[in-house]
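These notes are about the structure you will find just below.
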Amino acid sequence: MGYAEVSVNSPVAQRRTFSYAIPSGLNINVGQVVWVPFGDKLLQGVVLELSEYPAVEETREVVGVIESTPVLSPAQVSLARWISEYYLSSLFDAVALMLPPGFRRKVVTFISRPATPPQYDTAALNQEQRQALYLIGKQDKVSLRELEMVLGRKKAQAVVSQLVARGLVARSYELEKVKVKPKRVRYLRLKVGAGEAQREAARLQEQGRASRQASLLEFLSQAAQPVSLSAARQTVGGSAPVVNALVSKGLVEIQEVEVRREPISYEGITPSRPLKLTSAQKSAFESIRSSLLQMDKGHPSPAVFLLHGVTGSGKTEVYLQALAEVVKRGKRGIVLVPEIALTPQTIERFAARFPHKVAVLHSRLSLGEQFDEWQRIRNGEFAVVIGSRSAIFAPQPDLGLIVIDEEHEWTYKQSDQSPRYHARGVAMKLAELSGAVVILGSATPDVETFYHAQRGDYHLLQLPERVTPREGSPLPQVEIIDLREELKAGNRSLFSRALSQAAARALANREQVILFLNRRGAAAFVQCRRCGLVLRCRRCEVALNYHADEGVLACHQCNYRMSVPQVCPRCLSRRLKFLGIGTQKLEVEAGAAFPQARLLRWDSDVTRRGKHPHEEILNRFRSHGADILIGTQMVAKGLDLPLVTLVGIVSADVSLNLPDFRAGERTFQLLSQVAGRAGRGTLGGQVVIQTYSPEHYAIQSAARHDYAGFYKQEITYRRQLHNPPFSRLVCLVYSHTNDALCQREAERMKRLLVAEIDSRGIADISLIGPAPAFMHRLRGRFRWQLILRGAEPSAFISQIPMPPGWTVDVDLVGL
Ligand code: ADP
Ligand code: ZN
Ligand code: ZN
């Protein structure tokens, strides 16, 4: 008898598997989904390992298989285990990332009478038992839910258990109804020849009866292609009785045909051919190609490339040609993009280069579309799968290449639910397990990624210049405006004089303008409007956050608190201000400043509406349906907007003062990206950055398009403050509706951890906090956090059992 190690869909299973015996006659493979008994329930589980001996003495048996073919590949099984260990998530949560869409279903319990029920004495049964037996006897089987509705939940379960014990009824289990099915379309087909159909139609017409049946027959006899039922109804206005009449006369039949839901429309996409590479592209491509060759020869360690190049430097063309190389060798690729709704142009370029060989996976597809794509991917129908972070779990066979475009983007980290994985980390592990090459692409690489590239852990490939059709189209010119000077000159509006003038000029030339505002954390920090000083935590260096409810400033890392000072501690000015502007206010002011201009606002308030809000807004702006686009982070993404000649960054200070050690990096990335929006066309471009901290290195280096300069300064600070990549962080968050209870629980956890650290003599882990989380209140719950910093904090925390209410985020990004 063999045994299976099964990851079980139960919260108590945590990070472990359970041993089950495989009954004879049941053929079970690794990666297969099975039914297993667990406590008094029957649960879904995934087989992660087969063994000759069980891990425990007593085992129960696997009840049955849910699908005969394995749903996880061996590499995915290892990947799931790694995710659970590394990100400290439950094993089944990690496994579930790779299950087909809609697979996680509930079990329905049914109760039925056995074929030959034993004799029993009715008088020995109580009234409820008799009632249940009566209900069960009326049908073949009754779901437990139905009984619960009649008898009440507790009672129904008790009665069923009593009856099962006497052998009068038996339980059986089924999966809840499938939520997604392949989409079927009903077609109408003539059962007689076209000639006969027309004669019949003419006959009906003559009789002056059933004219709608006649016209439907007429229509079907003339159609060149199969006609769907809905199309037929629309065209001839035939209702169900009309169709049914023809069916019963034996003239017409209805056929169901399975159709594919197609997320990419290839209409209007012309196939493209590889471009002749520039010399920089060529040398990058050759390095990747030689690595692919090594892979083919079974080279043991996979290669990771960092392709560093400004927007428009031709990175995407390198991805496309690397992928073609992979496909030539009979392998396939996965391409991750940060936010798929914002990258229709990228998808089109892949679709044009690999017509009908591109699958798209993302959460905005309907469940049915996701299901169809998943099945076809598993069948090996696609050269490439493109998607947002979860596309890394696509069942792409023969994986040869993984591309992560804009690898620095924070959307690659899943922060809001378990497993809190980073797609980049997962991609590298998957590449290692499946022998694939990884390309990380970015104009502003993550500081940690660049650090690894510098150390030689990754191969660094650089594309230093834009590929432009014309000679010498330069990067946009960037001007930094010191808002303190504006104030001195008596300008209190949101727009500096330089920005107003530049905007007026662009609008007069019928060009377009983008006004960018980072909204996250707005109104939370305090800044002196005279000298630009921001009040910071003395211990952590991050900006203090203003809590209006308590009237204090607090550090979101260590909970240092102070009251708001009356005057600026540096210049003694009284102009300490809570800074913060919303896009709505910006829209109002822009309307007043440029009354002739047509405004368009693009932020999360707007994009919650409609099915394709991004596309609609973008298309409207691209087709010059507006002159000024007011937007948040979204406008920073890879969009080609040739008429935009001016980008105004209304306040660079918002992101600079996030209570997070990565605030400088974030600001540099955002400014660089937004600046890259200007001057994509032949008109050239200009960028204006407004700030109270014009001397800040992140702003200075973004204005010079100087990644190396930024990196040098940033990595120095990281080393000094012992932040990643020189340490790793684990964030523990406790949430509850009661704030005081959160704080007590967080403090209790801290004492517990300190005691553990002391008793084990661990020297290199420090505890930061507890403190209210940056998002202190989220969906009605308060949140307190505790950060562990050290070389291997997760190894330590993995040994501490986490009480309910706590979440663990390994390698957190953003507070
Ligand atoms: P990135 O991905 O770095 O932003 P792209 O690959 O999108 O850069 O290239 C920017 C523009 O230059 C695109 O319009 C692309 O078609 C064009 N391009 C890229 N490589 C070449 C090349 N070798 N020859 C001509 N045009 C190119
Ligand atoms: Zn001051
Ligand atoms: Zn602090």
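Ignoring ligands and nucleic acids, what accessible area does Glu85 show with a 1.4 Å probe (Å², nearest 10)?
The value for Glu85 is about 110 Å².
For Lys712 and Val108 in the same chain, what is the full-extension length gain: residue separation times 0.36 nm, less their Cα-Cα distance, in nm?
Details: separation 604, 0.36 × 604 = 217.44 nm, distance 5.95 nm.
Taking 0.36 nm per residue and subtracting the Cα distance, the gain is 211.5 nm.
In the chain, with Lys and Arg counted as +1 and Asp and Glu as -1 at Cβ, which of these residues, Ala194, Ala383, Leu401, has the Cα nearest the positive end of the dipole, that is, farthest along it?
Value: Ala194.
Testing the spin-label approximation: label points 7 Å from Cα along Cα→Cβ at Ser272 and His624. State their distance in nm.
The modelled label-to-label distance comes out at 2.5 nm.
At a Förster distance of 35 Å, what's the computed FRET efficiency of Leu135 paired with Ile254, Cβ-Cβ distance as r, to 0.05? Provide the component values of the computation, followed by the final result.
Details: r = 38 Å, r/R0 = 1.07.
Efficiency, rounded to the nearest 0.05: 0.40.
Residue separation times 0.36 nm, minus the C-alpha to C-alpha distance between Met775 and Met802: what's the value? Walk me through the intermediate numbers first.
Working: separation 27, 0.36 × 27 = 9.72 nm, distance 2.15 nm.
In short, 7.6 nm is gained.
State the answer as a single residue: which of Ile689, Phe726, Gln673 lies farthest towards the positive end of the charge dipole of region 673-753, with beta carbon charges of +1 for Lys and Arg and -1 for Asp and Glu, about the Cα centre.
Phe726
Give the average over all directions of the projected area of the C-alpha convex hull of region 269-329, one decimal, in nm².
5.0
Rounded to the nearest 500, what is the chain's calculated 222 nm mean residue ellipticity when only DSSP H runs of at least 4 contribute -39500 (n - 2.57) each, over all residues?
Values: 26 runs with 277 residues, N = 815.
Calculated mean residue ellipticity at 222 nm is -10000 deg cm²/dmol.
Among the listed pairs Lys282/Lys357; Lys276/Lys413; Lys315/Lys712, which have their C-alpha atoms separated by more than 27 angstrom in this model? Could you put the intermediate results ahead of the total?
Working: Lys282/Lys357 25 Å; Lys276/Lys413 35 Å; Lys315/Lys712 24 Å.
With Cα atoms farther than 27 Å apart: Lys276/Lys413.
Mind putting a number on the dipole of region 274-371 about its Cα centre? Charges go on the C-beta only, +1 for Lys and Arg and -1 for Asp and Glu, and I need it in Debye to the nearest 20.
So the magnitude is around 300 debye.
Got a sec? What order do Asp653, Asp416 fall in by accessible area at 1.4 Å, biggest, i.e. largest, first?
The ranking, largest first, comes out as Asp416, Asp653.
Just the C-alpha atoms of region 638-767: what Rg/Rh do they give, with Rh taken as the Kirkwood radius?
On the way: Rg = 20.9 Å, Rh = 18.1 Å.
Result: Rg/Rh = 1.16.
I'd like the carbon and sulfur percentage of the solvent accessible area for the chain, probe radius 1.4 Å, heavy atoms only, ligands and nucleic acids excluded. Let's see the in-between values first.
Working: 18430 of 37550 Å².
Here it works out to 49 percent.
Counting alpha carbon pairs within less than 8 Å and at least 6 residues apart, what relative contact order, in whole percent, applies to region 422-519? Don't jump to the answer; show the numbers that get you there.
Working: 21 pairs, mean separation 8.6, N = 98.
Answer for region 422-519 is 9 percent.
Between Val33, Ile392, Leu487, whose Cα lies farthest towards the positive end of the dipole of the chain when Lys and Arg beta carbons carry +1 and Asp and Glu beta carbons carry -1, centred on the Cα centre?
Farthest towards the positive pole: Leu487.
Give, rounded to the nearest 20 debye, the magnitude of the charge dipole that the chain has about its Cα centre when Lys and Arg contribute +1 at Cβ and Asp and Glu contribute -1 at Cβ.
So the dipole magnitude of the chain works out to roughly 1580 debye.
Rounded to whole Hz and in sequence order, give me ³J(HN,Hα) for region 407-413 from the Karplus expression 6.51 cos²θ - 1.76 cosθ + 1.60, θ = phi - 60°, writing x for Gly and Pro.
4, 7, 5, 6, 5, 6, 9
Give me the one-decimal nm value for the distance between modelled label points at Gln127 and Ser766, 7 Å along each residue's Cα-to-Cβ direction.
Each label point lies 7 Å from its Cα, and together they span 7.2 nm.
Which of the helices in the chain, when you take each full DSSP H run, stretch at least 30 Å along the axis at their Cα atoms and have an average Kyte-Doolittle score of -1.0 or higher? Let's see the in-between values first.
Details: long enough: 739-760 (32 Å, -0.63).
The answer, listed by residue number, is 739-760.
I'd like the FRET efficiency for His736 and Glu465, computed as 1/(1 + (r/R0)^6) with the beta carbon distance as r and R0 of 56 Å, rounded to 0.05. Provide the component values of the computation, followed by the final result.
Working: r = 53 Å, r/R0 = 0.96.
Efficiency computed from Cβ-Cβ geometry: 0.55.
Express the accessible area of the chain per residue in Å², computed with a 1.4 Å probe while the remaining protein chains stay in the model. Walk me through the intermediate numbers first.
Numbers: 37550 Å² over 815 residues.
Per-residue value: 46 Å².
Taking the Cα centre of region 705-815 as origin, work out the dipole magnitude from +1 charges on Lys and Arg Cβ and -1 charges on Asp and Glu Cβ, in debye rounded to 20.
Working: 14 positive and 11 negative charges, 53 e Å.
That gives a dipole near 260 debye.
Would you calculate the separation in nanometres between label points at Leu293 and Cys571, each defined as 7 Å from the Cα along the Cα-to-beta-carbon direction?
6.2
Under a straight-distance cross-link criterion of Cα-Cα below 17 Å, which aspartates and glutamates are reachable from Lys331, leaving out those fewer than 8 residues away in the same chain?
Output for Lys331: Asp296, Glu381, Asp398, Glu432.
Please identify the cysteines of the chain that lack any partner cysteine with a Cβ under 4.7 Å from their own Cβ.
Cysteines of the chain left without a disulfide-compatible partner: Cys558, Cys731, Cys742.
For a distance above 38 Å, tell me the whole-number percent of Cα pairs in the chain that qualify. Working shown, then result.
Working: 180153 of 331705 pairs.
That tail contains 54 percent of the Cα-Cα pairs.
Can you give me the relative contact order of the chain as a percent, contacts being Cα pairs under 8 Å and 6 or more apart?
On the way: 1500 pairs, mean separation 77.7, N = 815.
Across the chain, relative contact order equals 10 percent.
Taking θ = phi - 60°, what integer Hz values does the Karplus form 6.51 cos²θ - 1.76 cosθ + 1.60 yield along region 785-797, in sequence order, with x for Gly and Pro?
With the stated coefficients, region 785-797 comes to 10, 9, 10, 9, 10, x, 6, 9, x, 6, 4, 5, 5 Hz.
Is there a pair in Lys297/Lys429; Lys41/Lys750; Lys297/Lys328; Lys41/Lys155 whose C-alpha atoms are over 26 Å apart, and which pairs would that be?
Lys41/Lys750
Please list Tyr20, Tyr120, Tyr187 in order of solvent-accessible area, largest first, computed with a 1.4 Å probe with all protein chains present.
Details: Tyr20 10, Tyr120 95, Tyr187 60 Å².
Most to least solvent-accessible, the answer reads Tyr120, Tyr187, Tyr20.
Give me the percent of Cα-Cα pairs in region 277-412 that sit more than 22 Å apart, rounded to a whole number.
On the way: 3290 of 9180 pairs.
The answer is 36 percent, as a whole percent.
Take every DSSP beta bridge whose two residues both sit in the chain, then give the antiparallel share in percent to the nearest 5.
Numbers: 71 of 125 bridges.
Around 55 percent of the beta bridges assigned by DSSP in the chain are antiparallel ones.
The values are calculated or read from the model by the stated rules, or taken from the named source; none is laboratory data. Because the structure is predicted, anything quoted here is derived from the model rather than measured. Heads up, the Cβs are rebuilt from the backbone with ideal geometry, glycines too, and the neighbour counts pull from every protein chain shown. For the accessible areas, the whole protein counts, side chains as well, though only heavy atoms, and no ligand, DNA or RNA atoms are used. Shrake-Rupley method; radii C 1.70, N 1.55, O 1.52, S 1.80 Å.
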